[in-house]
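Asks: Dumping the structure here so I can ask a few things about it.
Just so it is clear, none of the values below were taken in a lab; they were calculated from the coordinates. Remember, predicted model here, so these are calculated numbers, not experimental data. Positions of Cβ are backbone-derived with ideal geometry, glycine not excepted, and every protein chain shown enters the neighbour counts.
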Amino acid sequence: MADQTEEKAEICPKCGSPLVEATTKTGKKLKRCSTNVWDPATRTSSGCDYVEWPKASVEELDEDCPECGAKLVLMHTATGKQLKKCSTSKWNRATKTAEGCTYVQWM
Ligand SMILES: [Zn+2]
Ligand SMILES: [Zn+2]
């Protein structure tokens, strides 16, 4: 598009093409590579398969976790939901397991 500003254009780390914003059927927003094309006839996608999901934002709260007494944080998920969770809970990417306190309260 002609009116896209330079600083808005994000580049795919895999192939260097511009990223485009897309919304899934469930309303989730994501960015994907502009070279990725879905072919409904063959039900396959071609091109670069890079997809970037938006990161959830986290706000620190002045509330204590009822389970361990640590501070709670308010999380806004990519789908627009809010939840409170314990600030000690962390996702370990290496082992793919949750670590720390498991307290979660959906809003
Ligand atoms: Zn790409
Ligand atoms: Zn806790």
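Asks: Would you please give the FRET efficiency between Glu10 and Asp39, computed as 1/(1 + (r/R0)^6) with r the Cβ-Cβ distance and R0 = 25 Å, to the nearest 0.05?
Replies: Once rounded, the FRET efficiency stands at 0.55.
Asks: Give me the number: length gained by fully extending Trp53 to Thr24, i.e. 0.36 nm times residue separation minus the C-alpha to C-alpha distance, one decimal in nm.
Replies: Result: 9.3 nm gained on full extension.
Asks: Which pairs break 30 Å Cα to Cα here: Lys14/Lys71; Lys14/Lys85; Lys29/Lys90?
Replies: Lys14/Lys71; Lys14/Lys85
Asks: If you take every residue apart from Val104 with its C-beta less than 9 Å away from the C-beta of Val104, what net charge results, scoring Lys and Arg +1 and Asp and Glu -1?
Replies: Result for the local shell: +2.
Asks: Straight-line reach from Lys25: which lysines have Cα under 21 Å away, leaving out those fewer than 8 places along the same chain?
Replies: Correct list for Lys25: Lys55, Lys81.
Asks: Taking the Cα-to-Cβ direction at Glu63 and at Ser46 and moving 7 Å from each Cα, how far apart do the two end points lie in nm?
Replies: Modelled inter-label distance: 5.1 nm.
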